Amino acid sequence: MNRREVAAVITYVGRLDPRLIRTNAGEARDQLNTWHELLDDVPMTTGQGWDVREIARKRIVSSPYPILPADVARDWYAHRRDRLARHTDPTPMADPDNPEAWRAELLAARDAVAAGQAAPAAHRGITAGRHRRGLKGQSAAVDSYIPAAVRADLAPYRPARAAREAAIAAGGPDVLEVPCEWCHAAEGEPCRRRRITLDGAARGNAPRATAHPCRIDRALAARPKASVA
């Protein structure tokens, strides 16, 4: 605000709170200088919900103490912080290979939001607005970090996982939820090819595409039984 605008604000708050009125010319000049020093970078009004007169009126109503210019300045800085906190930097139109122009455009957009010359820009959620066709399928695809088409292409290279997923999809048990008593595979690990030599030692450690029958039986036994109505 310039000195004329600050003088108008002092006149307005003096009308609401006569304690701020200064009849002595020297005191009035000092008051104007103090208010202008603290409110020099505070706008009078903006098109984004800021009005010094409204802020001053609320302060006078809510506090029994005379309003100070620092009270108005603090409210303005809080207003700026709130606007910037709700702002998401849009992608600049400048050439990304020109970092100076890119940065200048970002700063100009932030300054416009902070000064109340532009509204904060926020990202729109995927479910915001009207319902879009295919949105349910898109949301379901997000739940898996591997798309279905990629998972099918990887099946030949991951036979154990592919067999497990196929069994679960067919309504069977998840055999990896239980350990294997034959090859001693822990929970979450595939079964291993375990061969017994003539001297009783175990040989072989290659993973199997399918689980051992005893592990499948144990997984079936561990499944919760459906309640009978």
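The values are calculated or read from the model by the stated rules, or taken from the named source; none is laboratory data. Not measured: the values here are computed from a predicted model. Here Cβ is always computed from backbone atoms with ideal geometry, including for glycine, and neighbour counts include all displayed protein chains. For the accessible areas, the whole protein counts, side chains as well, though only heavy atoms, and no ligand, DNA or RNA atoms are used. Shrake-Rupley method; radii C 1.70, N 1.55, O 1.52, S 1.80 Å.
Out of all the residues in the stretch 56-68, which are hydrophobic (A, V, I, L, M, F, W, C) and surrounded by 11 or more Cβ atoms within 10 Å (Cβ to Cβ)? Outline the logic, then answer.
First, the residues of the stretch 56-68 that are hydrophobic (A, V, I, L, M, F, W, C): 56, 60-61, 67-68.
Once the filter is applied, which keeps residues that are hydrophobic (A, V, I, L, M, F, W, C) and surrounded by 11 or more Cβ atoms within 10 Å (Cβ to Cβ), the stretch 56-68 yields 56, 60, 67, 68.
Residue by residue, here is whether (1) modelled with pLDDT of 75 or more; (2) open to solvent by less than 70 Å² (accessible area, probe 1.4 Å); (3) not in a loop (DSSP other than H, G, I, E, B) holds:
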{"site": "116", "(1), (2), (3)": "yes, yes, no"}
{"site": "119", "(1), (2), (3)": "yes, yes, no"}
{"site": "125", "(1), (2), (3)": "no, yes, no"}
{"site": "139", "(1), (2), (3)": "no, yes, yes"}
{"site": "144", "(1), (2), (3)": "no, yes, no"}
{"site": "154", "(1), (2), (3)": "no, yes, yes"}
{"site": "171", "(1), (2), (3)": "yes, yes, no"}
{"site": "176", "(1), (2), (3)": "yes, yes, yes"}
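Being open to solvent by 100 Å² or more (accessible area, probe 1.4 Å) and more than 15 Å from residue 210 (Cβ to Cβ) is the requirement here; does residue 161 meet it? Walk me through how you get there before you give the answer.
Values: open to solvent by 100 Å² or more (accessible area, probe 1.4 Å): yes; more than 15 Å from residue 210 (Cβ to Cβ): no.
Answer is no for this residue.
State which residue is farthest from residue 40 (Cα to Cα) when the search covers only the stretch 85-104 and only residues that are open to solvent by less than 70 Å² (accessible area, probe 1.4 Å) and not in a loop (DSSP other than H, G, I, E, B).
Initially, the stretch 85-104 is screened for residues open to solvent by less than 70 Å² (accessible area, probe 1.4 Å), giving 87-90, 92, 94, 98, 101, 104.
Of the ones still in play, those that are also not in a loop (DSSP other than H, G, I, E, B) are 101, 104.
On the way: 101: 29, 104: 24 Å.
Per the stated criteria, the residue is 101.
Taking the conditions exactly as written (at pLDDT 85 or above, under 22 Å from the mean Cα position of the chain (by Cα) and open to solvent by 70 Å² or more (accessible area, probe 1.4 Å)), does residue 130 satisfy them or not? Explain how you work it out, then say what you get.
Working: at pLDDT 85 or above: no; under 22 Å from the mean Cα position of the chain (by Cα): yes; open to solvent by 70 Å² or more (accessible area, probe 1.4 Å): yes.
Spelling it out, it is not the case that residue 130 is at pLDDT 85 or above, under 22 Å from the mean Cα position of the chain (by Cα) and open to solvent by 70 Å² or more (accessible area, probe 1.4 Å).
Which residues, taken from the stretch 42-83, are among the aliphatic types (A, V, I, L, M), in a loop (DSSP other than H, G, I, E, B) and closer than 17 Å to residue 18 by Cβ?
Start the filter on the stretch 42-83 by keeping residues that are among the aliphatic types (A, V, I, L, M), which leaves 42, 44, 52, 55-56, 60-61, 67-68, 70, 72-73, 78.
So of that shortlist, the ones also in a loop (DSSP other than H, G, I, E, B) come out as 42, 44, 67-68.
If the condition is that a residue be among the aliphatic types (A, V, I, L, M), in a loop (DSSP other than H, G, I, E, B) and closer than 17 Å to residue 18 by Cβ, then 67, 68 are the ones that fit.
What residue, among those in the stretch 34-89 that are among the small types (Gly, Ala, Ser) and in contact (Cβ under 8 Å) with a residue 60 or more places away in the chain, is nearest to residue 117 (Cα to Cα)? Before you say what the answer is, go through the steps one by one.
So the first thing to find is which residues in the stretch 34-89 are among the small types (Gly, Ala, Ser), and the list is 47, 49, 56, 62-63, 70, 73, 78, 85.
With in contact (Cβ under 8 Å) with a residue 60 or more places away in the chain added as a condition, the list becomes 47, 49.
Working: 47: 7, 49: 11 Å.
Within the stretch 34-89, the match that is nearest to residue 117 (Cα to Cα) is 47.
Taking the stretch 15-35 as the region of interest, how many residues are under 23 Å from residue 61 (Cα atoms), assigned to a helix (DSSP H, G or I) and either open to solvent by 50 Å² or more (accessible area, probe 1.4 Å) or in contact with a Lys or Arg (Cβ under 8 Å, 6 or more places away or on another chain) (or both)?
Within the stretch 15-35, the first condition is being under 23 Å from residue 61 (Cα atoms), and the residues that meet it are 15-22, 31-32, 34-35.
Cutting the leftovers down to assigned to a helix (DSSP H, G or I) gives us 15-16, 18-20, 31-32, 34-35.
If we keep only those that are either open to solvent by 50 Å² or more (accessible area, probe 1.4 Å) or in contact with a Lys or Arg (Cβ under 8 Å, 6 or more places away or on another chain) (or both) too, we end up with 15-16, 18-19, 31-32, 34.
Residues flagged as under 23 Å from residue 61 (Cα atoms), assigned to a helix (DSSP H, G or I) and either open to solvent by 50 Å² or more (accessible area, probe 1.4 Å) or in contact with a Lys or Arg (Cβ under 8 Å, 6 or more places away or on another chain) (or both) within the stretch 15-35 amount to 7.
I'd like the residue in the stretch 69-79 that is surrounded by 16 or more Cβ atoms within 10 Å (Cβ to Cβ) and of a type outside the set (Asp, Glu) and, out of all such residues, is nearest to the chain's Cα centre (by Cα).
Let us first name the residues in the stretch 69-79 that are surrounded by 16 or more Cβ atoms within 10 Å (Cβ to Cβ), namely 69, 71-73, 75-76, 79.
Among the residues that remain, those that are also of a type outside the set (Asp, Glu) are: 69, 72-73, 76, 79.
On the way: 69: 36, 72: 31, 73: 30, 76: 26, 79: 21 Å.
That would be 79.
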